[in-house]
Amino acid sequence: MAEGKRPGGLTALAVLNFVFGGLGALGTLGLLALVAAAKAGSDAFEGAGGTVHYEGPSIGMIYVSVLLAAVSSVLLITSGVGYIKQKRFLGRTLGTAYAVLSIGNTAIGLAALHTGFGLFSIIGLIYPVLTLILVNTTFKDDLTN
């Protein structure tokens with residue numbers, strides 16, 4: 001590829017990273033707010049003399065999932081910058097790290113949090129696998145330095 005010439009597919013991948021990274025960051029903030037509200041409501045109910053019998057996934061697993069989602073969002077945005085600048089570490093390495101982390105987070109959601117296999121699970125698997133394939137084969141030689 002000629003110096004300074006970025007493939008259109010790599011630019012499209014960067015734009016998708018920015019969009020998914022931004023949506024992921026907003027979703028993570030929303031999820032944190034929901035967890036905090038649920039915790040506050042539970043504490044208030046217990047303070048009023050009631051008892052709370054929670055049968056869902058452990059709060060620790062929820063926090064792990066939120067943390068992984070936040071890190072995935074940061075990796076998405078950072079690797080998007082790497083795709084734009086055509087940098088090997090920022091693009092290829094962090095893009096691969098995002099993909100592996102995202103697939104792991106989806107697996108945790110399915111196995112430990114019992115989220116069910118729906119649209120978000122499919123997106124949580126397809127886009128990272130697509131990213132792994134593209135940055136390690138198609139755009140491997142375009143991500144230099």
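Residues are listed down the side, and each one gets a yes or a no for (1) surrounded by fewer than 16 Cβ atoms within 10 Å (Cβ to Cβ); (2) touching a helix residue (DSSP H, G or I) at 6+ places or on another chain (Cβ under 9 Å); (3) among the aliphatic types (A, V, I, L, M):
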site	(1), (2), (3)
72	no, yes, no
84	no, yes, yes
87	no, yes, no
117	yes, yes, no
Open item on the list: Take residue 77 and tell me if it is surrounded by fewer than 22 Cβ atoms within 10 Å (Cβ to Cβ) and modelled with pLDDT of 85 or more.
Closed with: yes
TODO: Of all residues in segment 123-145, count the ones that are closer than 30 Å to residue 63 by Cα and at pLDDT 85 or above.
DONE: 10
- [ ] Would you mind telling me which numbered condition in (1) modelled with pLDDT of 90 or more; (2) on the phi > 0 side of the Ramachandran plot residue 114 fails?
- [x] (1)
- [ ] Within segment 120-144, track down each residue that is touching a residue at least 40 places away in the same chain (Cβ under 8 Å) and crowded, with 16+ Cβ neighbours inside 10 Å.
- [x] 127, 131, 134, 135, 139, 142, 143
Open item on the list: Between a residue in segment 48-65 that is among the hydroxyl-bearing types (Ser, Thr, Tyr) and any residue that is at pLDDT 75 or above, which pairs come within a Cβ distance under 6 Å, given they are 6 or more apart or on different chains?
Closed with: 65/108
- [ ] Quickly run through segment 83-93 and pick out the residues that are touching a strand residue (DSSP E or B) at 6+ places or on another chain (Cβ under 7 Å) and either in a helix (DSSP H, G or I) or charged (D, E, K, R) (or both).
- [x] 88
Task: Conditions (1) at pLDDT below 70; (2) of a type in the set (A, V, I, L, M); (3) loosely packed, with under 11 Cβ neighbours inside 10 Å; number of the one not met by residue 40 - done: (1)
TODO: Tell me, please, whether a residue that is over 16 Å from residue 12 (Cβ atoms), assigned to a helix (DSSP H, G or I) and aromatic (Phe, Trp, Tyr) can be found in segment 94-112.
DONE: yes
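The values are calculated or read from the model by the stated rules, or taken from the named source; none is laboratory data. On a predicted model such as this, the values are computed, not experimentally measured, just so you know. Reconstructed Cβ throughout: ideal geometry from the backbone, glycine too, with neighbour counts over all protein chains shown.
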